[in-house]
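Before any comments, here is the structure.
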Amino acid sequence: MIKSYKDLLVWQKGVKIVSLVYQLVKSFPQEELYALTSQLKRASVSIPSNIAEGYGRNTDKSFSHFLNISRGSLFEIETQLLIANDLGFITNQTLYAEILNQIEEESKMINAFSKTLKD
């Protein structure tokens with residue numbers, strides 16, 4: 001039974017992605033603190049935040065809109081991680097692969113959830 005946005009698996013996975021991203025960027029160079037590190041943190045927090053906000057709007061159309069914003073943030077993170085990896089900032093390849101996997105799963109969940117709201 002869904003009593004709150006916190007009961008949504010798509011929100012829970014979004015929160016997990018935030019934790020993983022924060023863990024990964026700890027090893028980024030200090031000079032990236034206000035650049036790529038900050039951008040990755042903000043984009044990751046945007047995922048569950050927009051899911052929660054959309055849930056709180058109480059209309060399927062609005063919720064779907066905020067799910068789309070979350071999906072955009074997922075792609076933003078994926079792009080930034082690919083860039084960070086190319087630049088040699090990522091030292092934990094296992095964690096990197098896990099985040100990319102979580103992003104793929106979250107994207108599928110958002111797509112499916114969004115489709116049910118439109119149907």
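Values quoted throughout were computed directly from the atomic coordinates according to the rules given, and no laboratory measurement underlies them. On a predicted model such as this, the values are computed, not experimentally measured, just so you know. Using ideal geometry, Cβ is built from the backbone for each residue, glycine included, and neighbour counts are taken over all protein chains shown.
Dividing the convex hull volume of the alpha-carbon atoms in the range 1-66 by its residue count gives 74 Å³ per residue.
Which trypsin sites (Lys or Arg not before Pro) in the range 1-31 sit in a loop by DSSP (not H, G, I, E or B) and have at most 16 other Cβ atoms within 10 Å of their own Cβ?
Loop-located and lightly packed - K3, K26.
In terms of distances greater than 20 angstrom between alpha carbons, the cross-link table entries K41/K61; K16/K108; K16/K61; K61/K115; K13/K108; K41/K115 yield K41/K61; K16/K61; K41/K115.
Against the longest principal axis of the chain, how steep is helix 93-118, in degrees 0 to 90 to the nearest 10, with axes from Cα atoms? Approximately 20 degrees, to the nearest ten. Volume per residue for the chain equals 91 cubic angstrom (convex hull of Cα atoms). Anyone know which of E104, E31, E53 comes out most mobile in the 10 Å Cα GNM of the chain? Taking springs between Cα atoms under 10 Å, the residue moving most is E31. With no solvent and one point per C-alpha, what does the Debye sum give as log10 I(q)/I(0) for the range 55-96 at q = 0.25 Å⁻¹? Rounded to two decimals, the profile gives -0.79.
Rounding to the nearest 20 debye, state how big the charge dipole of the range 35-119 is about its Cα centre with +1 on each Lys and Arg Cβ and -1 on each Asp and Glu Cβ.
Here the size comes out at about 320 debye.
Counting only alpha carbon atoms, the long axis of helix 9-25 and the longest principal axis of the chain meet at about 10°. The range 58-119 and the range 24-48 have their alpha-carbon centroids 15 Å apart. Extension gain, S4 to E98, is 31.1 nm, computed as 0.36 nm per intervening residue step minus the present C-alpha separation.
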